[in-house]
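One structure is given below, encoded as structure tokens.
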Amino acid sequence: VDQTRTLSMGSLPDKLDNAYSVALEIQQKVGEKIQCGVSLDELFSEAQNIAESHRLGEYFMGYGKQRIGYCGHGVGLELDELPVIRKGDKALLSSGMIIALEPKFHFPNEGVVGVEDTFVVMDKGSQKLTSASYVVDVTHG
């Protein structure tokens, strides 16, 4: 599996905390769309539309020349492999594919926030294979 969580020593600045909440929204809404017959472009467009609706489009999946053109990928013998969740890719998901969905936001000189979970595509819907919490409060006395 492929799984990412955001670590912050102390509270996140409001801008990054908001972006992290949007990453979780993308993860939930796009994750619910993962199923047989859905195109990779449809998943990417949904993620990008959510980011843009929160005025975070310019930071989604990188910033400026550092932006990558995808928000997820297949997992198999290699950790990152086909299929790739990217704009314009009309390939359709099929049962048994393993997909990592990884919405992230990059703010130059401030930080990166995001999450990544792995899903198995099923005939109807998908099953999330990763289960680590999105929020863990660890304080030391």
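The values are calculated or read from the model by the stated rules, or taken from the named source; none is laboratory data. Note that the structure is a prediction, hence the values are computed from the model and not measured. Backbone-built Cβ (ideal geometry, glycine too); neighbour counts: all protein chains shown. The accessibility values were calculated without ligands, DNA or RNA, using every heavy atom of the protein model including side chains. Shrake-Rupley method; radii C 1.70, N 1.55, O 1.52, S 1.80 Å.
Okay, helix-only estimate at 222 nm for the chain: each DSSP H run of n ≥ 4 adds -39500 (n - 2.57), divide by all residues, round to 500 deg cm²/dmol; what do you get? Per the formula, -8000 deg cm²/dmol. For the range 73-130, the relative contact order comes to 27 percent (Cα pairs under 8 Å, sequence separation of at least 6). Heavy-atom accessible area for TYR59, with the other protein chains in place and a 1.4 Å probe, reaches approximately 40 Å². From largest to smallest, the equivalent ellipsoid semi-axes obtained for the range 1-105 from the alpha-carbon gyration tensor read 24, 15, 13 Å.
Only Lys, Arg, Asp and Glu carry charge here, each on its Cβ (+1 for the first two, -1 for the last two); on that basis the range 14-71 has a dipole of about 180 debye about its Cα centre. Could you work out the relative contact order of the range 1-127, using alpha carbon pairs under 8 angstrom and six or more residues apart, expressed as a whole percent? With pairs under 8 Å counted, the relative contact order is 36 percent.
Sorting GLU102, GLU52 by accessible area puts them as GLU52, GLU102; the probe is 1.4 Å, largest comes first, and only protein heavy atoms count. For GLY64, the shell of other residues with beta-carbons less than 15 Å away shows a net charge of +1, using +1 for Lys and Arg and -1 for Asp and Glu.
Summarising the amide proton neighbourhood of MET122: residues at separation of 5 or more, or on other chains, whose placed amide H is nearer than 5 Å comprise CYS36, GLY96, GLN127. Rg/Rh for the range 66-141 (Cα atoms only, Rh after Kirkwood) is 1.05.
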